[in-house]
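Working notes for the structure below.
The values are calculated or read from the model by the stated rules, or taken from the named source; none is laboratory data. Keep in mind that this is a model prediction, so the values were computed, not measured. Neighbour counts are summed over all protein chains in view; Cβ atoms, including those assigned to glycine, are modelled from backbone coordinates with ideal geometry. Surface accessibility is based on the protein's heavy atoms, side chains included, excluding ligands, DNA and RNA. Shrake-Rupley method; radii C 1.70, N 1.55, O 1.52, S 1.80 Å.
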Amino acid sequence: MNSPSAAAVLAARQIAVSFMAAVSAAGVTGVTAPLASAEPLGAPVGEGRHTPQEPLAAHRIPFTDATVSRQRDGSFAVSWKAPGVGSVTVYVGGKAVAHGGAEAAVTVRGLPTADRQWFRLAPDQGAPLTLADRSLLLEGAANFRDVGGRRTTDGRWVKMGVLYRSSHLHTLTDSDLATLQRLGIRTAFDLRTAGERAVAPDRVPAGARYVVASVRGGRDKAGLPATAEASEQTMTASYRRLVSKPSAINACRSLFRLALDPGSQPLVHHCEGGKDRTGWATAALLTALGVDRGTVMRDYLATNDYLAARNAAALAEQTPAMAARLKPLLDARAEYLKAAFDEVTARFGTFDAYLRDGLGLSEQVLERLREALLTD
């Protein structure tokens, strides 16, 4: 394309504004562990075979790592590490579907259709862990995913099925809405500006409460930076404002307080692309819960995978020069999130001080948050 059409330029500007608003499908790869084997579905294997022994000394849940990922063919890759246990049995709907040792990777096939498949990993000692694929595979919101399934530094796990993050909900299909209603979504928390909400109003499942808290306050429009370097600088500055801007602080505080309320769960919080405003809010929540910085960063950068097709299509519509300017606005980059954490240090000294002095959250409130969102 030698020059962008008027429509393409408009689309680029809209995307740029959306993604600056901070201001694989192939699944798991690897070799199945020798101790892992699949069992036919429906086999009436009782869970009594796992007579709990003395819990492991450090934590009730012995897993140090565990993931579930749905594959293109509909199968599920399930992997885990549980040092010190003898064996792990994987259950779906009360039926054993696979076995493995202390560290294993298994593939589970032939499960019936469901909105989400939940896998219960039961060790021969210690407490079980229940996980699902993070993505809900919604047609109208590719970046709609579970915040849970992350381990904290003290050995607890963030519950799944309680807190979700997403891009805007404007393009949810009727089928998507039905799925969310069946999953019991109670609250949709919108971090966008009034202008964004007017142009692309959310579609929320029947019965769900809709709450708004604009991170950017009244600021609604921004032009596309003149160079790629300027775009990068704009993004870095916008992430710093996610920590320091009063409207951003108020929105983050509101989300924390809403997230600890069982009556608001399950809750989904979102902005436009689910990358910047949602990215920092999620990073702050996970950090407050005790998830380590590396895991928080991986959760943030995963947006690049979920939005890969959308971003590639947007860039393909532009000239090379325009695409170079636009790409930094579409990407989730480690240096962006690092800028926000650096701002926390510069303004508050520590993350705990940010929670206390910035967001105004007492230790009692934070403990209630951990009780609501963690399992041990």
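Counting the residues of region 178-220 that are of a type in the set (A, V, I, L, M, F, W, C) and either in a loop (DSSP other than H, G, I, E, B) or in contact with a Gly (Cβ under 6 Å, 6 or more places away or on another chain) (or both) gives 9.
Every listed requirement among (1) crowded, with 20+ Cβ neighbours inside 10 Å; (2) within 20 Å of GLY148 (Cβ to Cβ) is met by ALA340 save one, (2). Of the strands (runs of 3 or more DSSP E) lying entirely inside region 61-172, the ones with 1 or more residues being buried (at least 21 other Cβ atoms within 10 Å of the Cβ), under 22 Å from the mean Cα position of the chain (by Cα) and at negative phi are found at 65-70, 76-81, 119-123, 129-131, 163-166. Of everything listed in (1) of a type in the set (Asp, Glu); (2) in contact with a helix residue (DSSP H, G or I) (Cβ under 8 Å, 6 or more places away or on another chain); (3) closer than 30 Å to THR319 by Cβ, the single unmet condition for GLU229 is (2). Residues to consider are ASP292, ASP357, ASP376, ASP305; find the one that is modelled with pLDDT under 95, exposed (fewer than 15 other Cβ atoms within 10 Å of the Cβ) and not β-branched (Val, Ile, Thr). The conditions single out ASP376. Restricting ARG333, ARG370 to residues that are open to solvent by 30 Å² or more (accessible area, probe 1.4 Å), closer than 30 Å to THR130 by Cβ and in contact with a helix residue (DSSP H, G or I) (Cβ under 8 Å, 6 or more places away or on another chain) narrows the list to ARG370.
Look at ARG219 and say whether it is of a type in the set (Lys, Arg) and either in contact with a strand residue (DSSP E or B) (Cβ under 9 Å, 6 or more places away or on another chain) or within 24 Å of TRP118 (Cβ to Cβ) (or both). No: the conditions fail for ARG219. Among the residues of region 293-330, the one identified as in contact with a Pro (Cβ under 9 Å, 6 or more places away or on another chain) and of a type in the set (Ser, Thr, Tyr) is THR319.
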